[in-house]
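The values are calculated or read from the model by the stated rules, or taken from the named source; none is laboratory data. What you see is a predicted model, and the numbers here were worked out from it, not measured in a lab. Using ideal geometry, Cβ is built from the backbone for each residue, glycine included, and neighbour counts are taken over all protein chains shown. Side chains are part of the model used for accessible areas, which takes the heavy atoms of the whole protein and leaves out ligands, DNA and RNA. Shrake-Rupley method; radii C 1.70, N 1.55, O 1.52, S 1.80 Å.
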Amino acid sequence: MTKSKYICRYKNEFPDKNWLVKEDRWDSKQQTVRETQFTLGNGAICMRGVLEEIPYDSYPGTYIGGLFDRTGAQITELVNLPNPLQFRMDVYGEKLDPVAMDILHHKRTLDIKHGTLFRHTVYKTTHKKRLDYCSRRFISMHDKNLVVMEVALTPLDADMTISMQTTIDSGVTNKGTVTEGRKRHFQSCDISSGSDYVYRCVETFEKKTLVAYASALEVYLEESCKLVSDRAVNLRVKKNQTIKFRKYITIKSSKTLSIPKMRRETMKHLKTARKRGFEKLTSDHNKAWEKKWNISDIEMNGDHDAMRALRFNMYHLMICGNEDNDDVSIGAKTLSGEGYRGHVFWDTELFILPYFIYSNPSVARNILMYRYHRLNAARNNASSKGFEGALFPWESADTGEECTPSWAKDFDGKIIKIVTMDEEHHIVSDIAYAFAHYCKATGDDHFLRRYAIEVIIETARFWATRAVYNSKSKKYEIHKVMGPDEFHENVNNNAYTNILAQWNLKTACEWVRRFRRTSPTRFSALSKRLNIKKGETAAWKKIADGMLIPVSKKKNLIEQFKGFLKLKDHRITALNQHFMPEIPTSVDWSEVGKTQFIKQADVVMLLYLMSDKFTYAEKKKNYYYYERRTLHKSSLSPAIHSIVGLEVGDEDKALHYFSHALSTDLSDIHGNTADGIHAASAGGTWQAAVMGFAGMRPLEKAISFNPHIPSHWKGIKFKIWWRGALLDVSINHSKTEIHIRHRPKKGKILAEVYGETKQLKPNICNCFLHPSLKKKGSRRRSK
């Protein structure tokens with residue numbers, strides 16, 4: 001590859017290549033994929049990585065977490081808000097545009113270490129004159145209401161007259177189905193401009209939420225700087241002279257402020273930002289990102305490509321994790337697109353949440369509080385279907401009511417009826433599991449007693465009425481469900497569903513018993529508020545103890561659901577271009593439910609979540625049986641197979657699945673990255689690294705590590721929060737070292753590594769030798 005003669009003006013600001021994701025040429029067919037990949041955000045606001053010119057077929061997206069509207073749509077959806085990034089540039093009457101003009105050079109670079117998008121393009125006009133175009137922008141991680149961008153233009157062959165227009169484009173819409181068409185979910189309610197600003201406020205139709213934008217534009221030519229009052233600017237620029245445009249944008253949203261007060265607060269914020277200046281705002285933003293990465297980063301010594309890909313996936317989780325608002329969660333496509341209309345699934349609690357539990361517990365708490373705030377909606381949902389307790393919706397938006405669409409396209413393009421909201425009730429236990437996971441890892445007893453126990457009780461109540469007693473089998477059974485494997489609908493006694501329901505019921509019994517014993521006064525108040533009846537927990541225990549768990553004694557297997565092993569058992573004979581299994585041509589998609597082909601990890605997911613419930617032999621037997629029948633038609637599947645594969649010694653497959661999950665959006669494996677980042681897969685990659693290769697598991701009294709470091713890696717390093725302590729973990733083939741970087745306020749920290757348990761001591765390196773070295777008589781003291 002020949003080295004370009006064009007040098008980006010920002011090149012010296014780039015960190016090392018392991019922090020960079022690049023686009024090396026313009027490809028219009030990849031435009032919307034790149035827009036997703038290059039999304040910027042700060043946990044509150046995200047913007048798709050569009051080119052400033054907004055070329056043909058570009059899809060600008062500006063999203064605020066938790067902001068939904070249904071007007072003109074079949075179901076509630078995430079609102080696409082006005083785009084403030086648009087710059088229109090003209091030279092000699094020609095619009096700068098990669099579709100309309102020749103491109104001699106084009107590169108974009110996402111700096112994931114600092115959440116900044118850089119661009120360098122060299123255009124050639126029809127007059128054969130070249131124009132060097134550079135830009136950079138970021139959504140401030142330091143100031144959650146601020147967006148900053150810079151565009152620099154340099155004529156390379158002759159003087160040029162450059163015309164520039166920039167605006168806050170309110171013409172954007174949400175995508176829609178054929179029957180819906182495109183929709184706009186807001187209307188302008190306040191517009192003004194002055195000598196040094198432009199202001200626009202919009203109001204959503206349904207909930208009347210205000211979203212205000214204020215922007216200021218500075219123009220730099222040589223040493224001079226001036227504010228531009230007119231949004232259309234014509235300037236004469238000499239050859240090799242650079243003109244820079246710096247735009248400051250403040251964005252605020254509110255459900256309570258008046259329109260005049262919204263304007264005052266937004267304009268005040270803009271004035272403060274401009275006063276601080278571009279360089280200071282950039283520095284503050286970079287430091288905020290570095291502070292986050294100081295805790296979140298994972299170093300994989302020996303596989304830099306995997307490390308860069310993992311950082312890319314973690315970056316996309318970080319930009320949609322809100323630290324300040326406990327009324328929003330994270331949708332299946334993050335805030336980088338409108339796939340699944342921004343809805344929240346079980347993905348959030350089981351695939352995304354663990355990353356935040358151990359890297360940023362405040363975000364994890366907010367994600368769980370989103371569910372808690374919608375507990376009454378879940379109670380109403382259960383009641384409407386004839387059950388007690390809480391039934392959380394399969395797809396959730398702002399109210400916590402069910403918002404799953406009734407119809408969708410299947411893999412073969414046919415329209416199918418959606419029944420997930422009626423059958424995938426495992427989401428109830430998934431959410432309960434997430435609350436318990438957070439409490440175990442953080443030791444947040446106040447959260448457990450104030451919020452989590454109520455969720456555990458109400459979810460247990462649901463299962464107590466959802467399970468039915470079968471007098472023939474003398475077991476409690478759960479009928480007409482769908483497990484994580486969505487190829488098989490309306491089945492009875494799905495193992496994943498039944499075992500998690502059993503866990504939910506037993507956990508509720510244990511928590512109630514413990515709370516009654518340790519805090520009798522508080523428990524009395526809770527019991528009165530929730531109307532816990534005498535004998536209710538005894539009934540839960542009876543149901544849990546009598547729950548039917550489908551097991552084939554003949555094959556010594558967990559049966560995915562009752563009757564699964566009687567289905568047609570075809571063999572996978574072909575792999576696709578990503579070396580993933582393909583459905584045989586002899587099997588029609590409409591008939592896949594009559595086979596043992598599996599969409600995604602189901603029993604294997606169970607082996608992961610309930611790891612301590614199964615022996616090594618049971619895990620191995622079930623993993624290999626189901627792995628050979630899984631088509632991985634969900635991005636949720638590969639990472640989980642990687643983790644369990646490592647547990648049972650299938651390292652080659654585990655590495656393959658890990659690599660596949662890492663590339664889900666970097667390589668657009670599923671062909672729908674344009675609709676947004678696959679958030680669950682991103683969270684799964686973190687779990688594969690930490691729970692898989694590092695072998696981490698949260699135990700009742702200790703944090704445990706049983707590493708599986710690949711032979712071509714030298715080691716893995718990362719930090720985690722565990723019960724108020726920040727632990728710095730370093731693992732290689734011979735030892736595991738743990739430092740306490742931040743001490744908890746109270747309590748001791750225990751770690752179990754290679755089966756050996758120690759109390760971790762501060763200010764020293766707590767070292768655990770690999771068992772193979774101990775057998776040789778190696779000894780080393782902690783230091």
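If you wrap a convex hull around the alpha carbons of the range 137-286, what volume per residue comes out, as a whole number of Å³?
149
Treating only the Cα positions of the range 572-685 as identical point scatterers, give the base-10 log of I(q)/I(0) from the Debye formula at each q in 0.11 Å⁻¹.
-0.36
With point charges of +1 on the Cβ of Lys and Arg and -1 on the Cβ of Asp and Glu, referenced to the Cα centre of the range 523-612, which listed residue (Leu607, Ile572, Trp540) lies farthest in the positive direction of the dipole?
The Cα lying farthest towards the positive end belongs to Trp540.
Suppose the chain between Gln30 and Val219 were pulled fully straight at 0.36 nm per residue; how much longer would it get relative to their current alpha carbon spacing?
Length gained between Gln30 and Val219: 64.8 nm.
Just to confirm, what accessible area per residue do you get for the range 304-365 at 1.4 Å probe, in whole Å²?
Value returned for the range 304-365: 21 Å² of accessible area per residue.
Sorted by average packing, counted as other Cβ atoms within 10 angstrom per residue and highest first, what order do 283-296, 660-673, 387-400 take?
Output ranking for 283-296, 660-673, 387-400: 387-400, 660-673, 283-296.
Considering only DSSP states other than H, G, I, E and B, which chymotrypsin sites (Phe, Trp or Tyr not before Pro) in the range 569-611 qualify as loop sites with at most 11 other Cβ atoms within 10 Å?
Answer in residue order: Phe579.
For the chain, give the magnitude of the charge dipole about the Cα centre (Cβ charges: +1 Lys/Arg, -1 Asp/Glu; no others), in debye to the nearest 20.
Computed about the Cα centre, the dipole is about 2880 debye.
How large is the dipole of the range 509-610 about the Cα centre if only Lys and Arg carry +1 and Asp and Glu carry -1, each at its Cβ, rounded to the nearest 20 debye? Walk me through the numbers on the way to the answer.
Working: 20 positive and 9 negative charges, 215 e Å.
Using Cβ point charges on Lys, Arg, Asp and Glu, the range 509-610 gives about 1040 debye.
Relative contact order for the range 606-731: what percent, with Cα pairs under 8 Å and sequence separation of 6 or more?
Worked out over the range 606-731, it gives 18 percent.
Show me the chymotrypsin sites (Phe, Trp or Tyr not before Pro) within the range 489-529 that DSSP assigns to loop and that have at most 13 other Cβ atoms within 10 Å of their Cβ.
Answer by residue number: there is no such site.
Among Phe658, Leu727, Gly684, which residue has its Cα positioned farthest towards the positive end of the charge dipole of the range 641-783, with +1 placed on the Cβ of Lys and Arg, -1 on the Cβ of Asp and Glu, and the dipole taken about the Cα centre?
Final value for the positive-end residue is Leu727.
Please pull out the direction-averaged projected area of the range 73-230, using the convex hull of its alpha-carbon atoms, in nm² to one decimal place.
Over every viewing direction, the Cα hull of the range 73-230 projects on average to 12.4 nm².
Run the quick spin-label model on Ser193 and Lys207: label points 7 Å from Cα toward the beta carbon, then report their separation in nm to one decimal.
So the label points at Ser193 and Lys207 sit 3.1 nm apart.
For the peptides 556-569, 68-81, 145-158, 525-538, what is the packing order when you average, over each peptide's residues, the other Cβ atoms within 10 Å and list the highest mean first?
Highest mean packing first, the order is 68-81, 145-158, 556-569, 525-538.
Would you mind listing how long the range 221-375 runs along its three principal axes, going by Cα atoms, in whole Å with the largest first?
56, 52, 28
Please report the spacing between the Cα centers of the range 621-640 and the range 56-99 in Å, no decimals.
The range 621-640 and the range 56-99 have Cα centres separated by 38 Å.
Just need the relative contact order of the range 418-520 here, percent rounded to a whole number, with Cα pairs under 8 Å and 6+ apart.
Relative contact order of the range 418-520: 32 percent.
Could you give the distance between the Cα centres of the range 560-607 and the range 711-758, to the whole Å?
The range 560-607 and the range 711-758 have Cα centres separated by 39 Å.
Can you work out D for the range 365-460 in µm² s⁻¹ from Stokes-Einstein, where Rh is the Kirkwood radius over C-alpha pairs, the temperature is 4 °C and the viscosity is 1.567 mPa s?
Estimated via Stokes-Einstein, D reaches 91 µm²/s.
If you count only protein heavy atoms with a 1.4 Å probe, what accessible area per residue comes out for the range 38-169, rounded to a whole Å²?
26
Which residues does a label at Asp588 reach in the range 416-449, if reach means a backbone N under 20 Å from a point 7 Å past the Cα toward the Cβ?
From the range 416-449, the list is 416-418.
So, for the range 407-520, what is the accessible surface per residue at a probe of 1.4 Å, expressed in square angstrom?
Per residue, the range 407-520 has an accessible area of 39 Å².
Let me see the pair-distance distribution of the range 637-719: every alpha carbon pair, 5 Å bin width, integer percents in order.
3, 16, 24, 22, 17, 10, 6, 2, 0
At 0.36 nm per residue, and after removing the present C-alpha to C-alpha distance, how many nm does the segment from Lys528 to Thr126 gain when stretched out fully?
Values: separation 402, 0.36 × 402 = 144.72 nm, distance 7.89 nm.
Value of the extension gain: 136.8 nm.
Please state the Cα pair-distance histogram of the range 158-208 with 10 angstrom bins from zero: what percent is in each bin?
The calculated distribution, bin by bin, is 18, 35, 26, 15, 6, 1.
Round to a whole number: what % of the accessible area of the chain belongs to carbon and sulfur, probe 1.4 Å? Could you put the intermediate results ahead of the total?
Details: 15320 of 32400 Å².
The C+S portion of the solvent-accessible surface of the chain is 47 percent.
By how many nm would the segment from Arg516 to Ser406 grow when fully extended, if each residue of separation counts as 0.36 nm and the alpha-carbon distance is taken off?
Working: separation 110, 0.36 × 110 = 39.60 nm, distance 4.35 nm.
Gain on extension, Arg516 to Ser406, equals 35.2 nm.
Which residues among the range 3-43 fall inside the zone where the amide N is under 17 Å from a point 7 Å beyond the Cα of His304, along Cα→Cβ?
From the range 3-43, the list is 14-22.
Can you give the FRET efficiency to the nearest 0.05 for Gln577 and Lys717, using r as the Cβ-Cβ distance and R₀ = 35 Å?
Working: r = 33 Å, r/R0 = 0.95.
For Gln577 and Lys717, the calculated efficiency is 0.55.
R0 = 56 Å: FRET efficiency of Val99 with Lys613, Cβ-based, nearest 0.05?
On the way: r = 57 Å, r/R0 = 1.01.
Between Val99 and Lys613 the formula returns 0.50.
Would you work out the charge dipole size for the range 579-655 about its Cα centre, treating the Cβ of every Lys and Arg as +1 and the Cβ of every Asp and Glu as -1, and quote it to the nearest 20 debye?
160
Please list the three semi-axes, largest first and in whole Å, of the ellipsoid equivalent to the range 30-121, using sqrt of 5 times the eigenvalues of its alpha carbon gyration tensor.
In descending order, the three semi-axes are 27, 18, 11 Å.
Rg/Rh for the range 695-780 to two decimals, with Rh computed the Kirkwood way over all alpha-carbon pairs.
0.96
Set the Förster radius R0 to 41 Å, insert the Cβ-Cβ distance between Ser772 and Ser552 as r into 1/(1 + (r/R0)^6), and round the FRET efficiency to 0.05.
Values: r = 37 Å, r/R0 = 0.89.
With a Förster radius of 41 Å, E is 0.65.
Mind checking the log10 I(q)/I(0) for the chain at q = 0.04 Å⁻¹? Debye, one equal scatterer per Cα, no solvent, two decimals.
With no solvent term, the Cα-only Debye profile gives -0.18.
Restricting to Cα atoms and excluding each atom paired with itself, what does the Kirkwood estimate give for the range 391-520 in Å?
Working: mean 1/r = 0.0615 Å⁻¹.
Every distinct Cα pair counted, the radius reaches 16.3 Å.
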